[in-house]
Amino acid sequence: MIAVSDVHHHIGQAQILRDITLTLPAGKITALIGPNGAGKSTLLSLVARLTPLQQGQITVAGLDVQRAPSRELARTMAILPQNVAVFSRLRVRELVAFGRWPHHQGRPGPQDAAKVAAALHDMGLDDLSHRFLDQLSGGQRQRAHLAMALAQDTPWLLLDEPLAALDMAHARALMQTLARLRDSGKSIVMVLHEVNYAAAWADHVVALKAGRVLAHGTPETVFAPDVLGALYDTRLRVIRQDGRPLVLHHL
Amino acid sequence: MTSVGRLPWPGLWLMLALLMVGAVYLLAGLGPRADVVLPLRATRLAGMVVLGVAIAVATVLFQTVSRNRILTPQIMGVDALYILLQTGLVLVLGPVGFATLPVAGKFTLELVVMVLAALALFGTLLGRGSQDVARMILTGVILGILLRSLANLIARLMDPNAFAVVQAESVVSLTRLDAGLLPFAAAVTGLAAGLAVWLAPRLDVAALGRETAVALGLRHDGLVMLALALVAVLVAVATALVGPLTFLGLIVVALARPLAGSARHLPLLITASVLAVLMLVAGQLVFERVLRLQSALPAVLEGAGGVAFLWLLLKGRIR
Amino acid sequence: MIVLRARPLVLMVLALIPLALASLLIGVADLSGAQGGLILSISRWPRTLAVMLTGAALAVAGVVMQELVRNRFVEPGTTGTGEAAALGLLLATLAFPEAGIGTRMIAASLGGLAGTAVFLSLIRHLPPQEVLLIPLTGLIWSGVLGAVVLHIGWQTDLIQLVGIWLMTGEFSGVIAGRYELLWIAGLAAGLALFAADRLAILGLGDGVARGLGLNPEAVMRLGLVIVAVVTAMVMATVGMIPFLGLVVPNIVSRVMGDNLRASLPVTALAGAGLLLTCDIIGRLLIFPYELPVSTVLGVLGAGVFLWLLWRRPGHD
């Protein structure tokens, strides 16, 4: 599990996170939701040790993200950052292969090649694997970076808005892949902008607002109309569809 | 619209200051050999006046045409074009033929070629790059390097030991002022500056942007070409007199804009010119007489100007 | 797969051999005479070797710089590294006129290091989407440093020396015993080959690098040292060679991408090949006189830079 305790974070004068203490369960898909500027990406970035902690403590599978060796952390969690603009002119397969770096440190073996191939296949990139990244569309590039994170083959997978550049078909395919990975024992934490993907696929939801945890728990508890209404400061309706919540907002 | 208008107060103060500094430069510590020293100083002072006016006017015009307040013609490589043309003329006419041409004829020939080449090169560049400012400036800078390298190559093809030529071109010296060229340079600069003053009201309209200017009935593209031609002539004069001064114009015009107290071109042209001459003369006075550093002024001005340019870049003042 | 990857490498080696042979054969002195062997071992072979070492090292340093800055339009000569190394060299020459070559090398390397570090901290303040402001800032920064160096050189009567460093990098003075420092440049570039994966990962961004368990700052420091040492050694031995570190990596990247593990050796060989070609052109154009290789590259490199700048994006 991921344990976050007593985390505060500020950038300049702005307080981004206040007094965050929570645990994220292993073996589940956890969704971080909340309005823009709530601190979702900052929290994920702190967990992934991309941003140094200012106060508090975070452990992932028992590893203190501040103190554990970076290589060991890299074999424990993979991260998809929000901005994945890459200047390098790499082929898709070459990019994905870098996901194996924490495991082989420059001497790839046959099992590394197999993991890369599997990740490419999972993201539907078999036909694109020899193309250069700068020849791809935004969504294809996003999938290439996802495949890189998958190839890292870590117990934990942290994804910052992985659906951002994907169309509906690919978004659904990604969520199915993630559900399958969860069923095989992996733990997934993702920032989601679109609440209905969280409602349909997440096992655990953390709702952040203005740097605080407003609610967290199963989708059923978080997706109550009054909780969601307070979260987004807007009126919405929650119905049930195929046994899961579905949020309707009036456009 | 066409009246000269009242000179704003800062301009007047600047002029008074210039007169005083100029007098001190000429007369202070003349010593017993005044008959020798005075003409020498007068020549140098005149050179600085011509140089200051040429650089100030050229920069103001160039910033209006490129619609960008951190550029000087030299940053965009206009002076390198002049150096290349000069080297090219030596190649075509032969070193002896070039040297035996009368100064006036040689310089006129250079100016004509310079104007044509500058219009062809920078007319296209400024017209083309106006959407992507960073690319336009970078192109100008690299173009400058290319032109300078070409001049270097040609010079060496003619004379494999052309060390001196290359070095002299790249170091500015106010003391190396070419006295033979001065009367002619003064005449050309006066003419070009006068033309710029005459064009000032139209430049005010052009500064509003091409669409607005055309809508107001200005022959915008013609004006831009004319202004560029003046820039080419003035940069040629400045480069021929002392060598490449890349950033002096940037400092002068940046300081002159608030001092001029108006966004209009007439006060700006006058303030910038006076300020440029004042900075050169006062600076030379300090460095030559007080600090006894004969040739440090251009280096100091260029260093400060380069740092100022970097600062403006980092501040995002590129547009 | 391995054969495919090896092919550009083999091609580059095959191209380099006739170039090196030509470089050995071109010159005023007659090799068939009694002194032929001596000329070959004292002058021609050292020169050819020096050119190849310099070309390879500069091309690799260009790649490293581009990965550090994540921008295609930079190289050590356009980011102040070269001018700062010259400044360090100049100051060491003035402060310790008696100092040995070792002191000067260290001064030049430290100068290059400091100049590049200032450049890197400058561009941190630029808006990230304005890609072309980075090379522009670098060019102006190196211009300011260059003006300072020229001025000090002028004031201290070292202008001849400074002129060679900054404007006329060439190999005509290379003989046995006067180029060996370039091996250090070659060694530093070799370090980059070993760190190819790390540098490539750094190019993917700090977040990705950290996520893969790499310390971006450490890789950055390594890259900085490589760039500074290569530049300083070349500066001190033959003077500034402009644009090589920009032109070669860009062209290799267009052909085979940026998987540095595969492309860096090709880049190094291509750098050696291009510099040899330019050196040979410089030696032949006004034979028996010589043009400095930097003059040839100044024209060629600036032209290619303009082409890279204006070629339509997205068609590769």
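All of the numbers you see were taken from the coordinates with simple rules; none came from a lab. None of these values were measured; they are calculated from a predicted model. Positions of Cβ are backbone-derived with ideal geometry, glycine not excepted, and every protein chain shown enters the neighbour counts.
Using a cutoff of 8 angstrom between alpha carbon atoms and counting only pairs six or more residues apart, the relative contact order for region C:203-302 works out to 26 percent.
Close amide H partners of residue A:214, meaning residues 5 or more places away or on another chain with modelled amide H under 5 Å apart, are A:207, A:208, A:209. When DSSP beta bridges are restricted to pairs lying wholly in the protein assembly as shown, around 60% turn out antiparallel. Secondary-structure-derived ellipticity at 222 nm for chain B, considering helices only, amounts to -26000 deg cm²/dmol, per-run term -39500 (n - 2.57) for DSSP H runs with n ≥ 4. The HN-Hα couplings worked out from phi for region C:31-36 by the Karplus form 6.51 cos²θ - 1.76 cosθ + 1.60 (θ = phi - 60°) are 6, 7, x, 5, 8, x Hz, whole numbers, x standing for Gly and Pro. Less than 20 Å from a label point 7 Å out along the Cα-to-Cβ axis of residue A:194: which backbone N atoms in region A:135-156 qualify, by residue? Within reach of a label on residue A:194: A:137-147. Residue order for C:244, B:191, A:178, fewest other beta carbons within 10 angstrom first, comes to B:191, A:178, C:244. By definition, a body whose alpha carbon gyration tensor gives a ≥ b ≥ c is oblate when a/c is 1.5 or more and a/b is not larger than b/c, and region B:251-319 fits this oblate description.
For region B:205-319, the equivalent ellipsoid derived from the alpha-carbon gyration tensor has semi-axes of 31, 16, 14 Å in decreasing order.
For chain A, the mean projected area of the C-alpha convex hull, equal to one quarter of the hull surface, is 14.1 nm². Taking a ≥ b ≥ c as the square roots of the eigenvalues of the Cα gyration tensor, an a/c ratio of 1.5 or more together with a/b no larger than b/c marks chain B as oblate. Region B:90-150 and region B:255-313 have Cα centres spaced 25 Å apart.
Return A:9, A:193 ranked ascending by Cβ neighbour count within 10 Å, so the fewest neighbours appear first.
Working: A:9 22, A:193 14.
Result, fewest neighbours first: A:193, A:9.
Distance between the 7 Å Cα→Cβ label points at residue B:219 and residue B:158: 3.8 nm.
Filter the trypsin sites (Lys or Arg not before Pro) in region B:21-102 down to the DSSP loop ones having no more than 14 other Cβ atoms within 10 Å, then list what survives.
On the way: sites: B:33, B:41, B:44, B:67, B:69; in loops: B:33, B:67, B:69.
When the trypsin sites (Lys or Arg not before Pro) of region B:21-102 are filtered for loop state and at most 14 Cβ neighbours within 10 Å, B:33 remain.
Cα gyration tensor of the protein assembly as shown, axes a ≥ b ≥ c as square roots of the eigenvalues: rounded (a/c below 1.5), prolate (a/b > b/c) or oblate? It comes out oblate by the Cα gyration axes. For region A:82-153, relative contact order (Cα pairs under 8 Å, six or more residues apart, normalised by length) works out to 50 percent. Here the scattering of region C:66-192 is modelled by Debye summation over its C-alpha atoms, one equal scatterer each and no solvent; at q = 0.11, 0.12, 0.18, 0.20 Å⁻¹ the log10 of I(q)/I(0) is -0.43, -0.51, -1.06, -1.22.
Report, in degrees rounded to the nearest 10, the 0 to 90 angle that the Cα long axis of helix A:110-122 makes with the longest principal axis of chain A. Result, in degrees: 50.
Taking 37 °C and 0.692 mPa s as the conditions, I'd like the Stokes-Einstein D for chain C in µm²/s, using the Kirkwood hydrodynamic radius from alpha carbon pairs. So the translational diffusion coefficient is about 165 µm²/s.
Can you grab the distance from the C-alpha centre of region C:153-168 to the C-alpha centre of region A:35-69, Å, no decimals? So the separation of the two Cα centres works out to 53 Å.
Annotation: amide H of residue A:238 within the under-5 Å range of A:248, sequence separation 5 or more or interchain, hydrogens built in the peptide plane. Only helical runs count toward this figure. For chain C, summing -39,500 (n - 2.57) over DSSP H runs of n ≥ 4 and dividing by all residues gives -24000 deg cm²/dmol at 222 nm. The distance linking region C:78-149 with region C:15-31 is 35 Å (Cα centroid to Cα centroid, whole angstrom).
From helices alone, chain A scores -9500 deg cm²/dmol at 222 nm; the rule is -39500 (n - 2.57) for each run of n ≥ 4 DSSP H residues, then divide by the residue total. Report the paramagnetic label zone for residue A:184: residues of region A:116-156 whose backbone N is under 12 Å from a point 7 Å from Cα along the Cα-to-Cβ axis. A:116-123, A:150-155, by backbone N distance to the label point.
For region B:51-246, calculate the relative contact order in percent as a whole number, restricting contacts to Cα pairs under 8 Å that are 6 or more residues apart.
Details: 215 pairs, mean separation 82.0, N = 196.
In percent, rounded to a whole number, it is 42.
Taking other Cβ atoms within 10 Å as a rough exposure proxy, A:115, A:40, B:315, A:28 sort from fewest to most as B:315, A:28, A:115, A:40.
Helices meeting the span-like rule in chain C (full DSSP H runs, Cα extent of at least 15 Å along the helix axis, mean Kyte-Doolittle score of 1.0 or higher): C:2-25, C:45-69, C:81-95, C:101-123, C:133-155, C:182-194, C:216-237, C:244-256, C:260-284, C:293-310.
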